[in-house]
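The values are calculated or read from the model by the stated rules, or taken from the named source; none is laboratory data. Predicted, not measured: the structure shown is a model, and the values here were computed from it. No Cβ is skipped: glycine too gets one built from the backbone with ideal geometry, and neighbour counts run over all protein chains shown. Areas reflect the complete protein model, heavy atoms only, side chains present, ligands, DNA and RNA absent. Shrake-Rupley method; radii C 1.70, N 1.55, O 1.52, S 1.80 Å.
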Amino acid sequence: MSLNYEWRGSFENAEVNGLHAEAFDTGVHSRDESNWNELLAKHSLGWVVARDSGRLVGFVNVAWDGSTHAWIQDAMVTKKDRNRGIGTKMIEVVRSECRRSGCEWLHVDFDEDLEKFYVQSCGFTPTSAGLIRLS
Ligand SMILES: CC(C)(COP(=O)(O)OP(=O)(O)OC[C@H]1O[C@@H](n2cnc3c(N)ncnc32)[C@H](O)[C@@H]1OP(=O)(O)O)[C@@H](O)C(=O)NCCC(=O)NCCS
């Protein structure tokens, strides 16, 4: 077993679409729809690709304001690889790469059930946040 984590690592769109469909239970119909490579190149500070002997096991996208704020979006780990510390390690990589890029703040929002992951395991401070559904 060889686990590795790569900041701005390469990936196929189909791999990430498959992982996203599994992680967020969006079903097979959403597979192969998004061009992650194009979207991330335009809008992201970076992303982490986690692989186990070449197989994609985790992915997280990091959006930013071009300056000092970065946002975690779509942290995901394949179902069969959860609870191996992969999610926590990916966020550690995000933290250090964001710091290295000059960011001062790393944001995330999440449902209550993920508090243990983000607060206890990854070290986020709980804070107030707001959300408006636009469609
Ligand atoms: C959230 C997610 C990325 C975590 O990945 P992971 O590799 O399983 O996380 P870790 O193994 O590093 O877990 C660290 C700790 O957080 C806890 N944890 C992880 N996922 C959790 C979840 N979904 N609910 C509650 N606790 C969770 C684990 O129990 C573990 O605690 P422990 O160290 O006491 O055992 C993964 O569960 C996932 O892909 N979920 C579906 C997609 C999702 O909801 N993403 C978040 C969007 S905001």
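Ligands, DNA and RNA left out, the accessible area of the chain computed with a 1.4 Å probe is 47% carbon and sulfur. Between Pro126, Gly46, Tyr5, the Cα set farthest toward the positive side of the dipole of the chain (charges on each charged residue's Cβ, about the Cα centre) is that of Tyr5. Each Cα pair under 8 Å and six or more residues apart adds its sequence gap; the mean of these over the residue count of the chain is a relative contact order of 21 percent. Take the convex hull of the alpha carbons in the stretch 46-95; its mean projected area over all directions comes to 3.5 nm².
Note on Asn83 and Ile132: the extension gain reaches 14.5 nm, defined as 0.36 nm multiplied by sequence separation minus the Cα-Cα distance. Given the chain, what percent of its DSSP beta bridges are antiparallel, to the nearest 5? Among the beta bridges of the chain, antiparallel pairing accounts for roughly 85 percent. Accessible surface for the chain, divided over its residues, is 64 Å² per residue with a 1.4 Å probe.
The phi-based Karplus calculation (6.51 cos²θ - 1.76 cosθ + 1.60; θ = phi - 60°) puts the 3J(HN,Hα) values of the stretch 55-62 at 7, 5, 10, x, 7, 8, 9, 10 Hz, whole numbers, x for Gly and Pro.
Starting from the Kirkwood radius over alpha-carbon pairs of the chain, derive D by Stokes-Einstein at 37 °C in a medium of 0.692 mPa s and give it in µm² s⁻¹.
Answer from the Stokes-Einstein relation: 212 µm²/s.
Need the list of aspartates and glutamates near Lys80 for cross-linking: C-alpha distance under 17 angstrom, and skip anything on the same chain fewer than eight residues off. Output for Lys80: Glu15, Glu22, Asp25, Asp52. Couplings 3J(HN,Hα) for the stretch 63-73, derived from phi with the Karplus relation 6.51 cos²θ - 1.76 cosθ + 1.60 (θ = phi - 60°), are 8, 7, 9, x, 9, 10, 10, 10, 10, 7, 9 Hz, where x marks Gly and Pro. Reported to the nearest whole Å, the Cα centre-to-centre distance from the stretch 5-67 to the stretch 68-135 is 15.
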